[in-house]
1. Among (1) in contact (Cβ under 8 Å) with a residue 24 or more places away in the chain; (2) in a helix (DSSP H, G or I), where does Ala140 come up short?
2. Would you mention how many residues in the stretch 84-143 are of a type in the set (Lys, Arg), crowded, with 16+ Cβ neighbours inside 10 Å and under 19 Å from Val61 (Cα atoms)?
3. Go through the residues of the stretch 144-151 one by one and say whether even a single one is outside any loop (DSSP other than H, G, I, E, B), on the phi < 0 side of the Ramachandran plot, surrounded by 11 or more Cβ atoms within 10 Å (Cβ to Cβ) and at pLDDT below 90.
4. Just to verify a result, which residue in the stretch 5-26, among those that are exposed (fewer than 10 other Cβ atoms within 10 Å of the Cβ) and either under 30 Å from Ser99 (Cα atoms) or of a type in the set (A, V, I, L, M) (or both), is modelled with the lowest pLDDT?
5. Among the residues of the stretch 93-109, are any over 29 Å from the mean Cα position of the chain (by Cα), within 18 Å of Ile73 (Cα to Cα), in a helix (DSSP H, G or I) and charged (D, E, K, R)?
6. Look through Lys71, Lys42, Lys67, Lys51 and report the one residue that is loosely packed, with under 10 Cβ neighbours inside 10 Å, modelled with pLDDT of 80 or more, of a type in the set (Lys, Arg) and at negative phi.
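The values are calculated or read from the model by the stated rules, or taken from the named source; none is laboratory data. As the structure is a computational prediction, the values presented were derived from the model and not from experiment. Cβ sites come from the backbone with ideal geometry, for glycine too, and all protein chains shown count toward neighbours.
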Amino acid sequence: MEFTVNMQPELMMSIIWLILGGAVFIVSVVFFVMLFRFRLRKRVKKYKAPKPAKKPPIEYVRNMALKQIDKCIYDLSHGRADIRESYQNMSTIMRNFVSEITGKDVTSQTLSELQVSGDQRLTDLIRKWYAPEFAMKTKADFMGDAEHAKNVVKRWK
């Protein structure tokens, strides 16, 4: 049996087609690289660091503490809180006030920790209030202590 198929001449296509195919391939590779690169940029968000919170003015913090102390006095005088709760509230108010002013968290420190690291004015108040704050019954003068706390708040710098 005889075959009638003859060999075709080498590189039947022109060199132009080879160059054009290579160029199309390179352009398509560059296109897809750019496409994925820009898509990834859109997906990945750059988060900025949060701006630090502005510290409230000392007068605002002072006025808020004075209002809260007045509310403690009002609650005690109108029977909404007993003397023990009033001392506990007053201690919380003063601790929050000092934390806001100084920037140090003294809200959860014990008396001994306050004596080591805290301000002497706060330590003296908390020491004076410790007995009535934790006793079931006390004969402490809450009104006098509240006025003393208000004076400390007013004179704090």
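1. (2)
2. The initial filter retains those residues of the stretch 84-143 that are of a type in the set (Lys, Arg), namely 84, 95, 104, 121, 127-128, 137, 139.
Remaining after also requiring crowded, with 16+ Cβ neighbours inside 10 Å: 84, 95.
Filter again for under 19 Å from Val61 (Cα atoms), leaving 95.
Total meeting the criteria: 1.
3. So far as the stretch 144-151 goes, no, none of its residues is outside any loop (DSSP other than H, G, I, E, B), on the phi < 0 side of the Ramachandran plot, surrounded by 11 or more Cβ atoms within 10 Å (Cβ to Cβ) and at pLDDT below 90.
4. Restricting attention to the stretch 5-26, the residues satisfying the condition of being exposed (fewer than 10 other Cβ atoms within 10 Å of the Cβ) are 5-16.
This time we only want the ones that are either under 30 Å from Ser99 (Cα atoms) or of a type in the set (A, V, I, L, M) (or both), so: 5, 7, 11-13, 15-16.
On the way: Val5: 68, Met7: 64, Leu11: 56, Met12: 62, Met13: 63, Ile15: 77, Ile16: 81.
Result: Leu11.
5. Applying the first criterion (over 29 Å from the mean Cα position of the chain (by Cα)) to the stretch 93-109 yields none.
The answer is no, given that none of the residues of the stretch 93-109 is over 29 Å from the mean Cα position of the chain (by Cα), within 18 Å of Ile73 (Cα to Cα), in a helix (DSSP H, G or I) and charged (D, E, K, R).
6. On the way: Lys71 fails: loosely packed, with under 10 Cβ neighbours inside 10 Å; Lys42 fails: modelled with pLDDT of 80 or more; Lys67 fails: loosely packed, with under 10 Cβ neighbours inside 10 Å.
Step by step, each of Lys71, Lys42, Lys67, Lys51 is checked, and only Lys51 is loosely packed, with under 10 Cβ neighbours inside 10 Å, modelled with pLDDT of 80 or more, of a type in the set (Lys, Arg) and at negative phi.
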